[in-house]
Amino acid sequence: NAGVTQTPKFQVLKTGQSMTLQCAQDMNHNSMYWYRQDPGMGLRLIYYSASEGTTDKGEVPNGYNVSRLNKREFSLRLESAAPSQTSVYFCASSGVSSGNTIYFGEGSWLTVV
Amino acid sequence: LAKTTQPISMDSYEGQEVNITCSHNNIATNDYITWYQQFPSQGPRFIIQGYKTKVTNEVASLFIPADRKSSTLSLPRVSLSDTAVYYCLVGALPNYGQNFVFGPGTRLSVLP
């Protein structure tokens with residue numbers, strides 16, 4: 001019973017490099033989310049996807065792109081990483097099958113130098 | 001979206017009951033109230049959810065007054081392992097793809 005799985009768990013990037021964070025859920029959820037959390041701060045929503053084929057901006061979308069590849073997978077891409085994007089990234093999903101609560105992955109620690 | 005307000009931090013001692021109150025004055029009719037717990041270096045995890053009155057599970061109780069403009073998470077007899085950040089989240093059913101926004105949370109420190 002994997003729940004929400006994120007990869008990679010840790011990554012160091014140089015400024016200007018690109019990378020994609022992968023996320024997959026096995027709970028048949030319609031909705032998926034990407035959050036970032038800076039040290040000592042709360043979670044901020046980057047993008048979300050209400051259902052397969054749709055994506056919408058959250059609170060802090062600048063510098064990111066997302067793809068809802070299918071119902072299970074939702075990826076987050078940094079096209080040109082900046083030090084300000086150093087953060088912990090959490091993927092999450094929600095749906096009726098989980099009692100309408102949000103389930104989070106374990107997080108991806110990203111450092112941009 | 002209903003904005004939430006919680007205390008930034010709270011201290012307690014082991015064995016005490018802890019009550020964390022969240023204000024959400026502009027809660028909508030369809031909104032549920034959900035509380036999450038987050039330990040360092042981990043993703044938040046669901047604690048309890050309610051719509052009105054009182055909800056209790058094996059971990060906590062949630063008290064919601066009739067006007068639903070606030071809610072109180074009650075943790076009975078806390079232990080050191082309850083030291084964490086607690087988030088109050090207000091929004092419509094998640095499967096609608098609602099744009100959920102987490103507030104800053106309440107940092108609970110349980111002292112021996």
For A:THR86, what residues show an amide H to amide H distance below 5 Å, using hydrogens built from the backbone and excluding near sequence neighbours? A:VAL112
Using the Karplus equation 6.51 cos²θ - 1.76 cosθ + 1.60 (θ = phi - 60°), what ³J(HN,Hα) coupling, rounded to whole Hz, does each residue of the range A:25-30 give in order, writing x for Gly and Pro? 10, 10, 9, 6, 7, 7
Can you tell me the length gained on complete extension of the stretch A:THR111 to A:ALA82, counting 0.36 nm per residue apart and subtracting the Cα distance? 9.5 nm
Would you mind computing, in nm to one decimal, how far apart the modelled labels at A:SER51 and A:ASP38 are, each placed 7 Å from Cα along Cα→Cβ? 3.6 nm
Taking Cα pairs closer than 8 Å and at least 6 residues apart, the relative contact order of chain B in percent is 37 percent
Relative contact order, percent, the range A:27-113 [alpha-carbon distance under 8 Å, six or more residues apart]: 30 percent
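Too long at a 31 Å Cα-Cα cut-off: which of A:LYS9/B:LYS69; A:LYS57/B:LYS54; A:LYS14/A:LYS57; A:LYS9/B:LYS52; A:LYS71/B:LYS69?
On the way: A:LYS9/B:LYS69 39 Å; A:LYS57/B:LYS54 34 Å; A:LYS14/A:LYS57 25 Å; A:LYS9/B:LYS52 38 Å; A:LYS71/B:LYS69 35 Å.
Check vs 31 Å cut-off fails for A:LYS9/B:LYS69; A:LYS57/B:LYS54; A:LYS9/B:LYS52; A:LYS71/B:LYS69.
Would you mind getting me the FRET efficiency between A:ASN28 and B:PHE63? Use the beta-carbon distance for r and R0 = 45 Å, nearest 0.05.
Numbers: r = 33 Å, r/R0 = 0.73.
Calculated value: 0.85.
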Would you mind computing, in nm to one decimal, how far apart the modelled labels at A:SER18 and A:LEU69 are, each placed 7 Å from Cα along Cα→Cβ? 1.6 nm
Determine, at each q value in 0.08, 0.14, 0.18 (inverse angstroms), the log₁₀ of I(q)/I(0) that the Debye formula gives when each Cα of the protein assembly as shown is one equal point scatterer. -0.29, -0.87, -1.32
Using Cα springs under 10 Å in a Gaussian network model of chain A, which residue among A:GLN11, A:GLN25, A:GLN85 shows the largest mean-square fluctuation? A:GLN11
Relative to the compact-globule scaling 2.2 N^0.38 Å, provide the ratio for the alpha-carbon radius of gyration of chain B. 1.02
Percent of Cα-Cα pairs per 5 Å bin, from 0 to the last occupied bin, for chain A, please list those. 2, 13, 24, 26, 19, 10, 4, 1, 0
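Read-outs throughout are calculated quantities, based only on the coordinates presented, and are distinct from any laboratory measurement. If you're wondering where the values come from, they're calculated on a predicted model, not measured in any experiment. Ideal geometry is used to build each Cβ from the backbone, glycine not excepted, and the neighbour counts take in all protein chains shown.
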